[in-house]
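Have a look at the structure below before the remarks.
The values are calculated or read from the model by the stated rules, or taken from the named source; none is laboratory data. Because the structure is a prediction, the values reported are computed rather than measured. In this analysis, Cβ positions are derived from the backbone assuming ideal geometry, glycine residues included, and neighbour counts consider all displayed protein chains.
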Amino acid sequence: MNELSLIELFAQATLIVKIVVIILIIASIITWLIIVERYLHFQEAEEFNNEFEILFWNTKDLQKLFKSISSKDASELIGLERVFYYSYKENIKLKDLKIDSQTKSENISRSIRIAISKEEGVHTKHLQYLANVGSVSPYIGLFGTVIGIVNAFQGLSDATQATINAVAPGISEALIATALGLFAAIPAVLAFNKFTVSTEAQIKSLSVFGEELVSIFSYSK
């Protein structure tokens, strides 16, 4: 009965409120798709980084590890693997140059920052959408609410008697628009905050690993 009532309310709503409802439903569906995709992304990234870190510290021949990574396309590299690839590649380039360890350290650090910047772009993918939905959805819902209230007063002015039946359709429109606005916004805000924290944790992990690589390569011969 409740489902049928909601469908009937939507069918009886004005065109503007229908558009508002459709926009919020679509925004909410996309939000949940992004939430699932980002959750799986960060879970996989963390697992991969843990596995690669173990592999790195247990590998005695870094050149062999670099060659195995080099067989991949640059766009396929992720996480610690990407940081190692860029830093080791720079290390090879600087090996035959007669430069001091300080200059070498700066060049390797620069290559690591480039790798981390690329990685940050991967982690922040779709987060701007979540931020927009979280901030804009309540206002879209509020717009529908205002239209619903206006319709309620319109129904009251057209009625011969002030009854609940005169204002019910407009009030219902207003409440549905408000609820959908919050339904779209709250998960988006929570997800944005969580994935932002996850991104910062990933970047911090990459930075620490990068510093260790700088120490290793700067003084290597």
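Look at the stretch 1-38 and say how many of its residues are among the aromatic types (Phe, Trp, Tyr) and either at pLDDT 95 or above or over 20 Å from residue 182 (Cα atoms) (or both).
Selection size over the stretch 1-38: 1.
Within the stretch 39-47, is there a residue that is under 18 Å from the mean Cα position of the chain (by Cα), farther than 24 Å from residue 205 by Cα, part of a helix (DSSP H, G or I) and modelled with pLDDT of 95 or more?
No.
Kindly indicate which of 35, 54, 92, 30 is more than 17 Å from residue 116 (Cα to Cα), touching a Pro at 6+ places or on another chain (Cβ under 9 Å) and aliphatic (A, V, I, L, M).
None of the others qualify; the one that does is 35.
Determine the pairs where a residue that is surrounded by fewer than 16 Cβ atoms within 10 Å (Cβ to Cβ), located within the stretch 165-176, has a partner that is modelled with pLDDT under 75 and hydrophobic (A, V, I, L, M, F, W, C) with Cβ atoms under 9 Å apart, the partner being 6 or more residues away or on another chain.
So the pair list comes out as 165/159; 168/152.
Filter the stretch 42-55 down to the residues that are in contact (Cβ under 8 Å) with a residue 40 or more places away in the chain and in contact with a Phe, Trp or Tyr (Cβ under 9 Å, 6 or more places away or on another chain), then identify the one that is nearest to residue 141 (Cα to Cα).
42
Looking at the stretch 178-198, I want the residues that are crowded, with 22+ Cβ neighbours inside 10 Å and have a partner that is outside any helix (DSSP H, G or I) and of a type outside the set (Ser, Thr, Tyr) with Cβ atoms under 9 Å, at least 6 apart or on another chain. Which pairs are those?
195/126
Could you check the stretch 78-102 and list, in sequence order, the residues that are crowded, with 22+ Cβ neighbours inside 10 Å and among the basic types (Lys, Arg)?
82
Consider residue 109 carefully, then state whether it is under 33 Å from the mean Cα position of the chain (by Cα) and surrounded by 12 or more Cβ atoms within 10 Å (Cβ to Cβ).
When the stated conditions are applied, residue 109 passes them.
Taking the stretch 199-208 on its own, how many of its residues are among the basic types (Lys, Arg) and surrounded by 14 or more Cβ atoms within 10 Å (Cβ to Cβ)?
Residues meeting the conditions: 0.
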